[in-house]
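**Q** Have a look at the structure that comes next, please.
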Amino acid sequence: MAKATETRSASTEKARSAAETEKIRVALVERRDELQAEYDRTLSEITELQRDRLTDSAGDDQADTGTKTGEREQEITLANNLLDRITQVERAIDRLGTGNYGWCERCGNAIPVERLAAFPVATLCVSCKQLEERR
């Protein structure tokens, strides 16, 4: 497999110029920073809402408590989704640095440029992604 990786890195360099690679890296870093800022804002909002809920819980019945718990869980889920997206972008940046960006992690084929344009953190080609989704 080491030989395939060496060949892949060599063909990636031929297919993608240093300027293109830098453009992709800058776009990914910008996206990561946007997501990180959104995540930080979300955590601040969750903390503030939690403080408000604690001070405004006098006289709550079971339905109020259940509603507040459901809202808190939804907010935490949204924050965790943001964190997952940040991790995906960081992983794409790492793959770009090692020369593996744009190559399917399952079959080793090139991921179409159109797929990467639509979903820059893609790790699977269209065929492998379709197979994964069928399972």
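Results for (1) more than 15 Å from the chain's Cα centre (by Cα); (2) hydroxyl-bearing (S, T, Y); (3) modelled with pLDDT under 95; (4) under 30 Å from L43 (Cβ atoms), shown as yes or no for each residue.
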| residue | (1), (2), (3), (4) |
| --- | --- |
| L78 | no, no, yes, yes |
| R85 | no, no, no, yes |
| Q88 | no, no, no, yes |
| A92 | no, no, no, yes |
| A110 | yes, no, yes, no |
| V126 | yes, no, yes, no |
| Q130 | yes, no, yes, no |
| R134 | yes, no, yes, no |
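**Q** Filter region 96-112 for residues that are out of contact with any Gly (no Cβ under 8 Å at 6 or more places or on another chain) and surrounded by fewer than 18 Cβ atoms within 10 Å (Cβ to Cβ) and give the result.
**A** G97, T98, E105, R106, C107, G108, N109, P112 - these are the residues of region 96-112 that are out of contact with any Gly (no Cβ under 8 Å at 6 or more places or on another chain) and surrounded by fewer than 18 Cβ atoms within 10 Å (Cβ to Cβ).
**Q** Of the residues that sit in region 58-111 and are in a loop (DSSP other than H, G, I, E, B), in contact with a Lys or Arg (Cβ under 8 Å, 6 or more places away or on another chain) and in contact (Cβ under 8 Å) with a residue 24 or more places away in the chain, which one is farthest from Y39 (Cα to Cα)?
**A** Step one: of region 58-111, the residues in a loop (DSSP other than H, G, I, E, B) are 58-61, 99-102, 104-109, 111.
Restricting the remaining residues to those that are in contact with a Lys or Arg (Cβ under 8 Å, 6 or more places away or on another chain) gives 60, 99-102, 108.
If we keep only those that are in contact (Cβ under 8 Å) with a residue 24 or more places away in the chain too, we end up with 99-102, 108.
Numbers: G99: 28, N100: 27, Y101: 25, G102: 27, G108: 33 Å.
The extreme case among them is G108.
**Q** Is it the case that some residue within region 30-42 is modelled with pLDDT of 90 or more and hydrophobic (A, V, I, L, M, F, W, C)?
**A** Yes, region 30-42 has at least one match.
The values are calculated or read from the model by the stated rules, or taken from the named source; none is laboratory data. All figures in this text were calculated on a predicted structure; none of them were measured in a lab. Cβ: placed from backbone, ideal geometry, glycine included. Neighbour counts: every protein chain shown.
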